[in-house]
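The values are calculated or read from the model by the stated rules, or taken from the named source; none is laboratory data. Please read all numbers here as calculations on a predicted model, not as lab measurements. A quick note on method: Cβ atoms are made from the backbone with ideal geometry, for glycine too, and the neighbour counts reach across all protein chains shown. Accessible surface areas use protein heavy atoms only, side chains included; no ligands, DNA or RNA. Shrake-Rupley method; radii C 1.70, N 1.55, O 1.52, S 1.80 Å.
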Amino acid sequence: MTPVDLLDLDSSLTEEERQIRAVVRQVVDDRVRPHVAGWYEAGRMPARELAREFGKLGLLGMHLTGYGCAGATAVAYGLACLELEAGDSGVRSLVSVQGSLAMYAIWRYGSEEQKQRWLPAMAAGEAIGSFGLTEPDHGSDPASMATRARRDGDDWVLSGSKMWITNAPVADVTVVWARAEEGVRGFAVPMDTPGVTAREIARKMSLRASLTGEISLDDVRLPADAQLPGAIGLKAPLSCLTEARHGIVWGALGAARDCLETALGYARTRTQFGRPLAGFQLTQAKLADMAVEWNKGCLLALQLGRLADAGKLRPEQVSVGKLNNVREALAIARQCRTILGANGVSGDYPVMRHANNLESVLTYEGTSEIHQLVIGQQLTGISAFT
């Protein structure tokens, strides 16, 4: 039980869920925490090495079934995301893009041959995937994507570019979404295909312990069986985003918890005016407000996870979770920084790193404004997107 768990949330988890959480927490403590500040400063991470280690633990595509996947519950997957992001948002992104975007797209929409080719290797961490939807000029409006797929005999030819693609610099396969004559289609594109290039995006101020790239597709010729046969229309990539956003609902709480526990420990030991910071009313007010919001976020995440396991989770419900939990996690990180004072900006503490990362989490896989409009449409029955 974490010291900020005011509501005994652990009692709402099964023993198996607590055990999975404990395993992930331990691997983060052993493999991520000792090194992540250096990865962040250097703008690098050992993605392939981490993927293999996570694969051995069954964390990649862990909520999927078959093909070497663990078949865990949605709640167990969420708890894993929480612990991973308590280490770093970039580490959780490696896992969630692999499992909830690239693997999920193939698992749900791919042919049996595509599943057999990619999923076992991806579940083991021997192959890394990415998800190519966002473009340089089309982020929140994927319906306007400029990447095109045209038929040439039995083949497909893809042209265009994708931007801000997590894992792209090290990916073996990318699920690329392109507009064809019949509408939006998905393709499993091996990254060694002629005409495919991936350029790493450097000079990021956020998610530095994550590999992000731009993918260029220059008349990339693919066989007919590269198309995901079940991926028809824009609903297909959007369903993948819903899957991944569920992990973010939990993951953001991990970053917030790490900040809150850091600030709590600091306030207890840092002495000013002859007493610990934790003994001042204003400090206690900050800690209390943050802990309340964190616990509320956990209750929300748990409700969404239970709905997902019952097969009842709706996209607008995930939008509620993503909007609230990321927004509150960022507010917690910023407030914790004030408790640490100047030390809050030091790389010796994780708070500013989490705050910087959460600035990206706030806007990727749906900005706050997009989720507000999804919720608004559900409330009013009127779409305000156009």
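Observations
- Of the three principal axes defined by the Cα atoms of region 265-386, the extents in descending order read 58, 28, 24 Å.
- Pairwise Cα distances in region 1-105 exceed 20 Å in 38 percent of cases.
- Computed over neighbours whose Cβ is under 10 Å from that of residue 378, the net charge equals 0, Lys and Arg +1, Asp and Glu -1.
- Per residue, the convex hull spanned by the Cα atoms of region 27-175 measures out at 125 cubic angstrom.
- By the Cβ distance rule (another cysteine Cβ under 4.7 Å), the unpaired cysteines of the chain are 69, 81, 240, 298.
- Compactness of region 83-132 was expressed as the Cα radius of gyration divided by 2.2 N^0.38 Å, which yields 1.18.
- According to the Cα-based calculation, Rg over Rh for the chain is 0.98, with Rh computed by the Kirkwood formula.
- Unsatisfied cross-links (Cα-Cα over 23 Å) in the set 56/312; 235/312; 162/235: 56/312
- Cα-Cα P(r), region 161-225, percent of pairs per 5 Å interval: 4, 16, 28, 22, 14, 9, 4, 2, 0
- Taking the accessible area of the chain, probe 1.4 Å, and keeping the other protein chains in place, the carbon and sulfur fraction comes to 52%.
- By the rule of a C-alpha distance below 13 Å, with chain neighbours fewer than 8 residues away ignored, the aspartates and glutamates paired with residue 296 are 5, 8, 328.
- Comparing Cα centroids, region 260-337 and region 149-213 end up 36 angstrom apart.
- Per residue, the chain exposes an accessible area of 42 Å² to a 1.4 Å probe, with every protein chain left in place.
- Working note: 222 nm ellipticity from helices only, DSSP H runs with n ≥ 4, each -39,500 (n - 2.57), summed and divided by the residues of the chain, gives -16000 deg cm²/dmol to the nearest 500.
- Debye-formula intensities of region 100-156, expressed as log10 I(q)/I(0) at q = 0.31 Å⁻¹, are -1.10 (one equal scatterer per alpha-carbon, no solvent).
- Charge sum, other residues only, whose C-beta stays under 10 Å from residue 293's C-beta, Lys/Arg counted +1 and Asp/Glu -1: 0
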